[in-house]
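For reference, the structure discussed in these notes is given below.
The values are calculated or read from the model by the stated rules, or taken from the named source; none is laboratory data. What you see is a predicted model; the values in this text were computed from it and never measured. Every residue, glycine among them, receives a Cβ derived from its backbone with ideal geometry; neighbour counts consider all protein chains shown.
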Amino acid sequence: MSNATESHDVVNAKPLPLSHQILFWLMACIPVIVLVAFFLKFTVNAPSSDDFDAILGFLNRYFPENRWNAFFSLTELHNEHRIILTRLLAWLNAILFGKVSFTGLTVIANSSLLLLTGVLIRLGRKEGLRDFWLIPVLSLILVCQDSSNMLIAMFGLQNLIVHAFAAVSFLTWNRSRLWSAVFGTLAVCTSSCGLLVFPILAAYEIYSTITSEKKAIVSGFRQAVTTNAAFPLSLCVCVWGLYFWGYHSPPHHPSLLTGFKIPHRFAQYIVLLMGTPLSQFGHPMTHVIGVSFLCLMCAVLWKSDWRKHSTLICLIFFELGTMFIIASARCGFGSGHPYNTRYRIIALTLWACTYLLAGDLLRQRLTSARFLTVGIWLASLAIVFNLLTARYSIPGFQKLSQSMSEQLSPQQANLRTIEGSEHFYEVAIESQSKGLFHWQYLRQSDPTPQ
């Protein structure tokens, strides 16, 4: 979607002095260097958690005799998701290389953060936000947010890529409906939250028709449904129909409507999810940050031009919808942590989108010199946030990395200790026998654990 500003709104900033250029590139490199350093230090080429069922368990049913039949079973449900992309990548991995590289899958998953960052930076530049004003976007998205998303292939492929695909779908909607439909469908094939993409596009077209034509709500809605909104609505019906064909609700997962039955807990979870980027400082601070950001986001949305910032607005509503779904589902799990850092990317994307909208509002009210000064201060704060988050995340990364490494250790006496699950033990033994993944300690003199 187009977020281009009018020519008289663009700041004709002069080139930055050399000292400022050096400072800018140093700041821009810090989030990337920290992220790559964490990845290289802590990544282990081993499965963990849902990797056993979603990847190895799926491949075990078809390899080596019926490997091509696996292609026609990619749409099988995994809990409430159809993780077609995850299984397709694992299947191609096994077909091409004979075994699964979990490191390669995590590289693909985390690379989607670069795509999401690129989309947000492009939107920011179109709004006249340049140089230091774009550093916070890098610092927010390319932050060492969660060890499970970075180190566990299944979590990264499901929790990260869907946001990048949704952002690209919204960005390309007014330029190429075909590519937008492709990326929207890919989002659906990644996680069930991708189902929100086409309804949001349809809602945008209806809103755009009503506001641009200055029609009454009912007549504008009727016109939009038969014209501009017809295509996204058709896509929505087709994709949703195919997705829920043969769908059955997983017995061990709560209904997504659970949260509406427990409104007070649902509201608490929304606040906590909003504050997860600073959750390392404890629950009271997370509540304060969550409420503060909700108020700020509502104020910025109230002041912003929704048609001008259509991509950012659509992405915000996508993230909000995803957050509502997760919060409602988490209510059904009862006690325990009301939020999970695996979902921190939702709040971080909301923070980045709101920041870009607020930046455009400030740009219209500040002189170029003052705007640059504010940008430098915000960039500095964003770098501090990125480094502090990385520092507080180290214990979690070390713990998970060590746990995954011990699975590959010859000293590991019993494979049944993996995640404490007998089922994972059986999946791992079968994968070993088929060569899909090699466990080092199973190649010792006594290959059968007692």
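Data for the structure
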read-out: Pair list, Cβ under 7 Å, 6 or more apart: the stretch 344-369 residue in contact (Cβ under 8 Å) with a residue 12 or more places away in the chain, other residue part of a helix (DSSP H, G or I) and among the acidic types (Asp, Glu); value: Ile346/Glu319; Thr349/Glu319; Leu350/Glu319; Gln364/Asp9
read-out: Residues within the stretch 76-93 that are in a helix (DSSP H, G or I) and buried (at least 16 other Cβ atoms within 10 Å of the Cβ), tallied; value: 8
read-out: Hits in the stretch 166-206 (condition: within 18 Å of His78 (Cβ to Cβ) and in contact with a Ser or Thr (Cβ under 6 Å, 6 or more places away or on another chain)); value: Cys193
read-out: Odd one out for Ile30, checked against (1) more than 22 Å from the chain's Cα centre (by Cα); (2) modelled with pLDDT of 85 or more; value: (1)
read-out: Residues satisfying the stated conditions in the stretch 224-256, i.e. surrounded by 14 or more Cβ atoms within 10 Å (Cβ to Cβ), at pLDDT below 80 and assigned to a helix (DSSP H, G or I); value: Ala224, Val225
